[in-house]
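Engineer: There's a structure below that I have some questions on.
The values are calculated or read from the model by the stated rules, or taken from the named source; none is laboratory data. In this text the structure is predicted, and so the values were computed from the model without any measurement. Side chains included, ligands, DNA and RNA excluded: accessible areas come from the protein's heavy atoms. Shrake-Rupley method; radii C 1.70, N 1.55, O 1.52, S 1.80 Å.
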Amino acid sequence: MKKIGLLGGSFDPIHIAHVNLAITALKFLFLDEVQLIPAGNPWQKGKLHASSSERIDMISLAIKDYENIKINNIEIERNDNNSYTIDTINAISDTNKYILILGSDQINNFHSWHNWKEIIKKVDLAIAKRDNNPFLLIKRIIKRIKKTNKHIHVLPLKKIHVSSSYIRECIKKSIPVNRFLNPDVLEYIKQKNIY
């Protein structure tokens, strides 16, 4: 049985903080691999800017040097109206142990996710604890997890001040973003004129 971390996101574009989180999860949780799951149609975000194939290409470029970080394009292939985490978890093999990796911002609204109670019955949670960025584990989440044999893990993560939306804005304004992106990803974005 493998121990696999699941890190979902729009990855529009993937940046160094995404890769850093995957590496941190691998090390601190002793994972066999981390699967990056690009969202098909994220229900909590607006329209995506890069196409599915462009996001997959960028992820491939960003992780090419990390053999234990892989792409799982299950949500893109499913092509549902909305990408819900519970549907993804239900669709993956139950022969492995899965840990859902979340940012501290995501755990604060986790109770608003579609079928969140079902999610915590099926996977452990790992929360990226960023420097000086508090997160509150809502009492009903703690109470629900205590009823299962699942756990919450806290990942120490050095704060990297970057987001995909910030990168897109910088690119539009011709502000350099090379310190936030893998050089191959940046070159790909320039060649395809994505943002």
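Engineer: For the chain, set up a Gaussian network in which alpha carbons nearer than 10 Å are linked by springs, and say which option among Ser83, Ser93, Ser164 fluctuates the most.
Structural biologist: In the Gaussian network model the winner is Ser93.
Engineer: Per the 1.4 Å probe, what fraction of the accessible area of the chain, in percent, lies on carbon and sulfur atoms?
Structural biologist: Ligands and nucleic acids excluded, carbon and sulfur reach 48 percent.
Engineer: Next up: Sorted from largest to smallest, which semi-axis lengths in Å does the alpha carbon gyration tensor of region 81-195 give for its equivalent ellipsoid, taking the root of 5 times each eigenvalue?
Structural biologist: On the way: eigenvalues 214, 64, 34 Å².
Here the semi-axes work out to 33, 18, 13 Å.
Engineer: May I ask you to rank Glu169, Glu75 by accessible area, largest first, using a 1.4 Å probe over the protein chains only? It would help to have the intermediate numbers written out before the result.
Structural biologist: Numbers: Glu169 80, Glu75 20 Å².
Putting Glu169, Glu75 in descending order of accessible area: Glu169, Glu75.
Engineer: Could I ask something else about it? Under 10 Å, Cα contacts only: if you run a Gaussian network model on the chain, which one of Val162, Val34, Val19 comes out with the highest mean-square fluctuation?
Structural biologist: Per the Cα network of the chain with a 10 Å cutoff, Val162 tops the list.
Engineer: How much accessible surface does Lys122 have with a 1.4 Å probe, in Å² rounded to 10?
Structural biologist: Approximately 90 Å² of Lys122 is accessible to the 1.4 Å probe.
Engineer: With the calculation restricted to Cα positions, what are the radius of gyration and Dmax of the chain in angstrom?
Structural biologist: 16.4, 51
Engineer: Same structure again: Send over a whole-number figure in Å² for the accessible area per residue of region 1-77, probe 1.4 Å.
Structural biologist: Here the per-residue accessible area is 45 Å².
Engineer: In addition: Would you mind checking Lys3/Lys192; Lys70/Lys159; Lys70/Lys143 for any pair whose Cα atoms are more than 30 angstrom apart?
Structural biologist: Pairs exceeding the cut-off: Lys3/Lys192; Lys70/Lys143.
Engineer: Output needed: percent of Cα pairs per 10 Å distance bin for region 21-70, bins running from 0 to the one holding the longest distance.
Structural biologist: It works out to 23, 44, 29, 4, in whole percents.
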